[in-house]
Amino acid sequence: MTRPTTRRSVPYRRKRAGKTNYKKRLELLKSRQHRLVIRKTNKHVIMQIVDYHPDGDRVVASVSSKRLGRMGWQHSMKNIPACYLTGLLLARASKERDVEAAILDLGLQTPIKGSRLYAALKGAIDGGLAVPTSEDVFPSAERITGAHLQDKAVAEHFNKLKAQLTTE
């Protein structure tokens with residue numbers, strides 16, 4: 001008995017696992033610019049400036065909201081004010097590595113207007129990183145400062161830490 005000669009192509013492992021959209025990735029890589037990668041976890045926000053290389057992507061600058069804890073932030077590391085401050089930290093780190101512009105890479109996350117992802121992006125832009133985006137996707141200034149939260153100490157801490165990050 002002979003076996004049929006049909007060949008079956010197995011898609012990429014990361015595509016099968018639902019971790020990478022290769023069509024979207026190719027469009028980002030065609031721009032030949034640095035990518036501003038924003039990922040959120042259950043407790044933190046991670047922001048990176050990533051550059052493409054044929055043998056694998058290289059991280060140019062990386063910041064996690066964990067660093068805010070070392071700077072005196074005693075509140076949630078994943079709320080909108082913390083995301084904004086993390087964006088400011090990334091902008092400062094990217095300036096040290098001579099990165100002035102990037103394009104946004106959200107991966108498979110759903111882009112929702114006014115979300116934590118766009119608060120982090122707003123922080124990076126306010127810190128001096130040039131990223132093409134529309135102004136209407138950002139959260140309101142009241143949400144960025146934390147005035148909407150029940151804990152009023154967040155707004156005070158936010159203003160103190162923002163002043164520290166913008167003057168350094």
Item to complete: Report yes if residue 147 is in a helix (DSSP H, G or I) and aliphatic (A, V, I, L, M), otherwise no.
Response: no
Worksheet entry | Tally of residues being within 16 Å of residue 102 (Cα to Cα) and either of a type in the set (A, V, I, L, M, F, W, C) or modelled with pLDDT under 90 (or both) across the range 33-45 | 3
Worksheet entry | Of residues in the range 46-64 being small (Gly, Ala, Ser) and at pLDDT 95 or above, the one farthest from the chain's Cα centre (by Cα) | 61
Fill in: Lone qualifier among 165, 161, 117 - being touching a strand residue (DSSP E or B) at 6+ places or on another chain (Cβ under 6 Å) and part of a helix (DSSP H, G or I)
117
Worksheet item: Going through the range 127-144 one residue at a time, which ones are assigned to a helix (DSSP H, G or I) and without any contact (Cβ under 8 Å) to a residue 40 or more places away in the chain?
Response: 135, 136, 137, 141, 142
Worksheet entry | Search result, residues across the range 63-115 that are hydroxyl-bearing (Ser, Thr, Tyr), without any contact (Cβ under 8 Å) to a residue 40 or more places away in the chain, surrounded by 15 or more Cβ atoms within 10 Å (Cβ to Cβ) and more than 25 Å from residue 150 (Cβ to Cβ) | 64
Practice prompt. Within the range 30-46, track down each residue that is in contact with a Lys or Arg (Cβ under 8 Å, 6 or more places away or on another chain) and among the aliphatic types (A, V, I, L, M).
Written response: 45, 46
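The values are calculated or read from the model by the stated rules, or taken from the named source; none is laboratory data. This one's a predicted model, so the numbers in the text were calculated from it and none came from an experiment. When we count neighbours, we look across all protein chains shown, and the Cβ atoms used for this are built from the backbone with ideal geometry, even at glycine.
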